[in-house]
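In what follows, a structure is listed as structure tokens, so that the remarks can point back to it.
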Amino acid sequence: MATTTTALPKAPITDAASEPSERKPRRFGPSWFLVSPSVALLLLWMLVPLSMTVYFSVIRYNLLYPGENDFVGLENFHYFLTDAGFMPGMTNTLLLVGSVLLISVVLGVLISALLEAADFAGRGIVRVMLISPFFIMPTVSALVWKNLIYHPVSGILAAVWKFFGAQPVDWLAQHPLFSIIIIVSWQWLPFAILILMTAMQSLDQEQKEAARLDGAGPIAIFWHLTLPHLARPIAVVVMIETIFLLSVFAEIFTTTSGGPGYASTNLAYLIYNQALLQFDVGMASAGGLIAVVIANIAAIILVRMLGKNLTEKY
């Protein structure tokens, strides 16, 4: 007896792995509630001081006249921009930042390359000694340079000048901005050495050996292999140092107090001078907002100029 079977239609085989899973973003999931307290605290941490600074910048708020808090609009900004110390402060800030960046990057690359190329006993101790100034507080380092190195009577430089029969130089009085640049460069050069020396250790040694076999000298290897490899670390050093160098204050306050005149005054010290020495909080608040705008402009320029080195692949 023959039996007939009817073929049932087969369900289409679907590959679950091949179909993209469309997940709707959960805006108010458990993670959002866990993160929201810290986000709210950060917003308060930023918005409250910024809002108070904006409020003080548009009123006449002088600590010597506590009852006069009239609304003055942009008058504080006008007074700050036309103040006698604004242009010297801007110029000194740009000179300080540019000079320290140039010194730290150039010397950092050269010292890191020399330490990587040389093999001698005690190289680890030398590395530690080169990095150690970065961990000294700015006020302490400024006092050391002021009293032990720059002092025109008992300083080390004065002793050297006297040894050669020359007249000692009062560095902080005659060359104040140059002296501060040297102090700040001494503080930030170890940071550049630390970043660049760490990056130097990840350089492919096989490429260097192949270049040597092809007849390349040390200068050619440094120019064509080492420098391109250090493009990203140099960009990191420049961006991080610029952020902190725009707000240099302790070194100036400890050594020269912005003088003589405005010879060593930068924007940070000028704002301090307006707020705590002349008691004009409104004008200092306007200066603080101007400094924030300048810092953001510098950040945008740095991101556009150096951001490519942080994203491109080698």
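Annotations for the structure displayed:
- Helices (runs of 4 or more DSSP H) fully within the stretch 145-245 that include at least 2 residues being under 19 Å from Leu101 (Cα atoms): 176-200, 231-245.
- For the stretch 230-245, the set of residues classified as open to solvent by 10 Å² or more (accessible area, probe 1.4 Å) and either without any contact (Cβ under 8 Å) to a residue 24 or more places away in the chain or hydrophobic (A, V, I, L, M, F, W, C) (or both) consists of Ala231, Ile234, Val236, Val238, Met239, Ile240, Ile243, Phe244, listed by residue number.
- Tally, over the stretch 48-104, of residues that are among the polar types (S, T, N, Q), in a helix (DSSP H, G or I) and either in contact (Cβ under 8 Å) with a residue 24 or more places away in the chain or closer than 30 Å to Phe178 by Cα (or both): 8
- Lone qualifier among Ala291, Ala295, Ala299 - being crowded, with 18+ Cβ neighbours inside 10 Å and either assigned to a helix (DSSP H, G or I) or of a type in the set (A, V, I, L, M) (or both): Ala291
- Across the stretch 92-114, a minimum of one residue is classified as out of contact with any helix residue (DSSP H, G or I) (no Cβ under 6 Å at 6 or more places or on another chain), open to solvent by 50 Å² or more (accessible area, probe 1.4 Å) and more than 19 Å from Phe222 (Cβ to Cβ).
- Just one of the listed residues (Ser154, Ser179, Ser132, Ser112) is modelled with pLDDT under 90 and farther than 30 Å from Thr226 by Cβ, namely Ser154.
- Those residues of the stretch 172-193 which are surrounded by fewer than 22 Cβ atoms within 10 Å (Cβ to Cβ) and aromatic (Phe, Trp, Tyr), in sequence order: Phe178, Trp186, Phe191
- Failed criterion for Trp32 (all others in (1) surrounded by 10 or more Cβ atoms within 10 Å (Cβ to Cβ); (2) modelled with pLDDT of 85 or more hold): (2)
- Of all the criteria given as (1) modelled with pLDDT of 90 or more; (2) surrounded by fewer than 14 Cβ atoms within 10 Å (Cβ to Cβ); (3) not hydroxyl-bearing (Ser, Thr, Tyr), the one not satisfied by Val58 is (2).
- Among the candidates Gly124, Gly73, Gly67, residue that is more than 20 Å from the chain's Cα centre (by Cα), closer than 30 Å to Phe222 by Cβ, exposed (fewer than 13 other Cβ atoms within 10 Å of the Cβ) and not acidic (Asp, Glu): Gly124
Yes or no, residue by residue, for (1) of a type in the set (Phe, Trp, Tyr); (2) in contact with a Lys or Arg (Cβ under 9 Å, 6 or more places away or on another chain):
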site	(1), (2)
Gly155	no, yes
Ser185	no, no
Phe191	yes, no
Ile195	no, no
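- Given (1) modelled with pLDDT under 70; (2) open to solvent by less than 50 Å² (accessible area, probe 1.4 Å); (3) aliphatic (A, V, I, L, M), number of the condition Met1 does not satisfy: (2)
- Applying the condition of being assigned to a loop (DSSP other than H, G, I, E, B), among the aliphatic types (A, V, I, L, M) and open to solvent by 20 Å² or more (accessible area, probe 1.4 Å) to the stretch 246-273 and asking which residue is modelled with the highest pLDDT yields Ala263.
- Filtering Leu196, Leu227, Leu203, Leu213 for residues that are crowded, with 18+ Cβ neighbours inside 10 Å, aliphatic (A, V, I, L, M) and on the phi < 0 side of the Ramachandran plot leaves a single hit, Leu196.
The values are calculated or read from the model by the stated rules, or taken from the named source; none is laboratory data. Remember, it's a predicted structure, so these values are computed and weren't measured experimentally. Cβ coordinates were reconstructed from backbone atoms using ideal geometry, including for glycine residues, and neighbour counts include every protein chain displayed. Accessible surface areas use protein heavy atoms only, side chains included; no ligands, DNA or RNA. Shrake-Rupley method; radii C 1.70, N 1.55, O 1.52, S 1.80 Å.
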